[in-house]
Amino acid sequence: NKGTRLGKMERGAKRGDQLFLLTTSNSTLAKQAAAGHVWLGTPNTRDFLDQIGSVKWDRQYPWLRQALVPCEEVSQGIVRLSRPLPLDLPGGSDVFVPMLTRGVTLRNLGLTQHVPDMTPAQAKGIYENIAPQYAIDAIRLDWTADVRVEDVTITFAGRHPLAVENSWAAQLSRLNIDGAWNKGAGGHGYVRFARAYASRLTDSHIDNIRHLAFQWSAADNVVENCHIGADVNFHGGFSHHNRVSASQIKPPPGH
């Protein structure tokens, strides 16, 4: 989870900065931060929403300006990041020390969601939630750092075949993803990067889903050398600096 508050930013910081000042500091938490990551975030404001051109969406939560960043040192109220800050943040922004699952590898694994009395053919090309009681993600990374998923096959997930959320530097390679039972409106059937940072999806094959989507503050993620049998959707929610390259994007007819 997001963990415990370390303090607040004393002054604003810009994308690319690696130092900032804290208003308060806890020595025990400072040691934990220096061994891992910090979570940074600030509330939505009307000025910020106007700045990014948000015409329809105007809500308090989720905060759009947030990030996970690896931390090198916290000393005398100064936080030194080991990677550049991925966005601008104003003074008063929250600084938390998150509790992350680290360094897990999933490899050589196959996952299939079976739905009684239904066949996968009934779900192909259907962008509705046809089995809502089975709307479970196949693989979900949430509050993780440096997790690897390699040589994994996912066939007909209940909801998202793969969801990467609140995570740093997930390395996803040689995945074979085919299908989701529930692909309806409201966020179903995605390969999803949301609040995901500096993650990579490479050398993978994806078919029969709703979107490959970047959304909700996802930043600095890369998809490369993939076959994507759906659309790539750069959703709202202040996702930024994400890149798809050297890939085939081939939505099926009627998608």
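Okay, residues lined up against (1) among the aromatic types (F, W, Y); (2) surrounded by fewer than 19 Cβ atoms within 10 Å (Cβ to Cβ); (3) on the phi > 0 side of the Ramachandran plot:
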{"position": "T119", "(1), (2), (3)": "no, yes, no"}
{"position": "G125", "(1), (2), (3)": "no, yes, yes"}
{"position": "I130", "(1), (2), (3)": "no, yes, no"}
{"position": "R148", "(1), (2), (3)": "no, yes, no"}
{"position": "V152", "(1), (2), (3)": "no, no, no"}
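Selection of the range 199-232 for residues being among the polar types (S, T, N, Q) and buried (at least 16 other Cβ atoms within 10 Å of the Cβ) yields S199, T202, S204, N208, Q215, S217, N221.
Rundown of residues vs (1) at positive phi; (2) more than 19 Å from the chain's Cα centre (by Cα); (3) of a type in the set (K, R), yes/no style:
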residue: Q171; (1), (2), (3): no, no, no
residue: S204; (1), (2), (3): no, no, no
residue: I209; (1), (2), (3): no, no, no
residue: G229; (1), (2), (3): no, yes, no
residue: F234; (1), (2), (3): no, no, no
residue: K250; (1), (2), (3): no, yes, yes
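Count of the range 100-114 residues, restricted to those that are surrounded by fewer than 15 Cβ atoms within 10 Å (Cβ to Cβ), at pLDDT 95 or above and outside any strand (DSSP E or B), is 2. The residue of the range 1-57 that is farthest from the chain's Cα centre (by Cα), among those that are within 25 Å of D146 (Cβ to Cβ), open to solvent by 30 Å² or more (accessible area, probe 1.4 Å) and among the β-branched types (V, I, T), is T28. Is it true that L64 is touching a residue at least 40 places away in the same chain (Cβ under 8 Å), hydrophobic (A, V, I, L, M, F, W, C) and open to solvent by 10 Å² or more (accessible area, probe 1.4 Å)? No: the conditions fail for L64. For the range 71-91, the count of residues that are surrounded by 14 or more Cβ atoms within 10 Å (Cβ to Cβ), among the acidic types (D, E) and within 20 Å of D142 (Cβ to Cβ) is zero.
Within the range 138-152, is there a residue that is in a strand (DSSP E or B), closer than 19 Å to R200 by Cα and among the small types (G, A, S)?
yes
The values are calculated or read from the model by the stated rules, or taken from the named source; none is laboratory data. What you see is a predicted model, and the numbers here were worked out from it, not measured in a lab. Every residue, glycine among them, receives a Cβ derived from its backbone with ideal geometry; neighbour counts consider all protein chains shown. Heavy atoms of the whole protein, side chains included, go into the accessibility calculation; ligands, DNA and RNA do not. Shrake-Rupley method; radii C 1.70, N 1.55, O 1.52, S 1.80 Å.
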